[in-house]
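See structure below.
The values are calculated or read from the model by the stated rules, or taken from the named source; none is laboratory data. Owing to the predicted nature of the structure, the values given are computational and were not obtained by experimental measurement. Using ideal geometry, Cβ is built from the backbone for each residue, glycine included, and neighbour counts are taken over all protein chains shown.
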Amino acid sequence: MRLLYVTSTFPYGEGEGFLVPEVAALGRLGHELTVAPLRRRRSVVHADAQRLPVRIEAEPLLAPHVLRAAAGELARSPGACARLLRELLGSRTPRILGKNLLAFPKALWLARRARELGVEHIHAHWAATTATLALVAGELTGIPWSFTAHRWDIAEDNLLALKLRRASYVRAINELGARELARAGGDGVPRPEVLHMGVELPAAAAARRGGRGGFRILTAAFLYEVKGHLDLADALAVLAARGQAVHWDVAGNGPLRGALVERVGKLGLDGKVRLLGFVSHDALLDRLGRGEWDAVVLPSVETVDGVREGIPVSLIEALAHGVPVVATATGGIPELLDGGAGLLVPPRDPAALAAALERLHREPGLAEELARRGRERVERDFSAERVAARLQERFEAAARR
């Protein structure tokens with residue numbers, strides 16, 4: 001099939017590296033993929049994304065030729081364009097309305113490009129503005145369209161009920177998201193399917209470090225409040241006070257960096273914490289495969305405005321490489337670590353986090369068991385090949401309808 005994937009910035013920017021395995025697996029199944037990011041960055045950041053056999057349609061939101069194409073679509077289908085514009089005016093807040101209106105010309109341009117490229121299915125990642133592009137392009141062209149909802153985009157509720165009614169297929173990446181989407185859709189709307197984000201399975205698990213040079217842990221996540229970095233800094237201070245040699249590598253950038261630097265300094269952890277900044281997706285996987293870390297830790301929280309985790313791909317990738325995981329019981333994380341695939345602790349509890357890390361450090365047999373169970377969990381339910389095969393079934397079924 002000729003597939004069009006609508007993304008936020010992928011393959012540009014620092015985010016959405018989790019799309020690489022899915023896009024690659026669909027390509028291996030013989031599909032022709034075009035990727036159209038909502039926003040374009042200056043260069044392709046992810047080296048593994050550069051190797052993907054995809055066509056990239058990346059244009060600024062209000063580029064002159066985008067506006068010309070939009071005008072052409074308005075002339076071609078004035079009634080349909082007016083109807084869609086009226087529906088966008090029903091956005092629930094001025095901010096969401098502004099985002100949708102700003103993206104409307106590009107959605108019209110996307111409809112034209114999809115028609116010109118002979119696209120057979122349009123799929124958007126995120127239920128927010130990217131799904132607005134898919135909605136408008138799909139409605140104008142008659143091409144079936146669908147979307148994957150992740151986490152914050154569900155809470156944002158950007159015309160969510162409308163999109164749930166109109167899409168040919170809706171995918172949630174975890175059970176929690178599926179329940180939230182079902183409530184948003186209301187009666188008569190099919191419950192979204194739970195289909196996890198998939199990862200590439202390395203041929204073998206990483207070699208165990210065995211605590212050489214101290215116990216080294218990794219957190220790979222944007223520096224946002226929901227990721228809970230400050231709680232892990234507090235947990236490390238507890239371990240340091242007990243004389244434990246734990247070293248923490250932090251991969252990722254974000255608005256919390258200043259606060260994290262301040263907390264690390266205040267706790268006297270400067271020699272124990274390395275802020276790596278942005279680490280490309282392929283480099284991170286390579287380092288996981290070489291066994292650089294004894295554990296991957298994500299102390300996520302639910303924020304006061306209701307933002308919470310889906311199932312973090314960084315944890316899935318750690319499990320795939322046989323690296324033990326310690327995380328908090330929030331969002332969709334328990335769904336991933338169910339059955340002893342990792343250690344779960346309560347959110348916002350640095351003492352419990354410290355105890356779990358100390359236990360993992362002192363009990364090599366536990367680390368081995370977690371590594372084995374985690375790898376088995378990913379093989380069973382989070383393989384990119386399995387996910388791509390299921391998406392293929394859904395896309396083909398929509399085309400037949």
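Restricted to segment 132-155, and to residues there that are aliphatic (A, V, I, L, M) and touching a Ser or Thr at 6+ places or on another chain (Cβ under 9 Å), the residue that is surrounded by the most Cβ atoms within 10 Å (Cβ to Cβ) is 134. Here the strands (runs of 3 or more DSSP E) wholly within segment 106-190 that include at least 3 residues being among the hydrophobic types (A, V, I, L, M, F, W, C) are 145-149.
The helices (runs of 4 or more DSSP H) located wholly in segment 1-98 that include 2 or more residues which are among the hydrophobic types (A, V, I, L, M, F, W, C) and surrounded by fewer than 21 Cβ atoms within 10 Å (Cβ to Cβ) occupy 64-76, 78-88. If we scan segment 341-361, do we find a residue that is in contact (Cβ under 8 Å) with a residue 60 or more places away in the chain and more than 26 Å from residue 234 (Cα to Cα)? There is no residue in segment 341-361 that is in contact (Cβ under 8 Å) with a residue 60 or more places away in the chain and more than 26 Å from residue 234 (Cα to Cα).
The set of residues from segment 236-247 being hydrophobic (A, V, I, L, M, F, W, C) and either within 23 Å of the chain's Cα centre (by Cα) or farther than 14 Å from residue 219 by Cα (or both) comprises 237, 238, 239, 240, 241, 245. In the set 178, 182, 149, 155, only one residue is under 16 Å from the mean Cα position of the chain (by Cα) and free of Cβ contacts under 8 Å to residues at least 24 places away in the same chain; that residue is 178. Looking across segment 373-401, just one residue is more than 30 Å from residue 168 (Cα to Cα) and in contact (Cβ under 8 Å) with a residue 60 or more places away in the chain, and that is 375. Reported count of residues in segment 23-55, each being within 17 Å of residue 280 (Cα to Cα) and of a type in the set (D, E, K, R), is 4.
When residue 100 is tested against (1) modelled with pLDDT of 95 or more; (2) over 20 Å from residue 137 (Cα atoms); (3) not charged (D, E, K, R), just one condition goes unmet, and that condition is (2). Any residue at all in segment 311-327 that's of a type in the set (Ser, Thr, Tyr) and over 24 Å from residue 171 (Cα atoms)? Looking through segment 311-327, none of the residues is of a type in the set (Ser, Thr, Tyr) and over 24 Å from residue 171 (Cα atoms). When residue 270 is tested against (1) touching a helix residue (DSSP H, G or I) at 6+ places or on another chain (Cβ under 7 Å); (2) surrounded by 14 or more Cβ atoms within 10 Å (Cβ to Cβ), just one condition goes unmet, and that condition is (2). State which residue pairs qualify: first residue of a type in the set (Lys, Arg) and inside segment 248-265, second residue assigned to a loop (DSSP other than H, G, I, E, B) in any location, beta carbons under 9 Å apart, and separation of 6 or more residues or different chains. Going by the 9 Å Cβ cut-off, the qualifying pairs are 257/223; 263/269. Screening segment 243-282 for residues that are assigned to a loop (DSSP other than H, G, I, E, B) and among the hydrophobic types (A, V, I, L, M, F, W, C) and picking the one that is modelled with the lowest pLDDT gives 245. Filtered by the rule that a residue be surrounded by fewer than 23 Cβ atoms within 10 Å (Cβ to Cβ), touching a residue at least 24 places away in the same chain (Cβ under 8 Å) and not acidic (Asp, Glu), segment 289-312 gives 289, 290, 291, 301, 303, 306, 307, 308.
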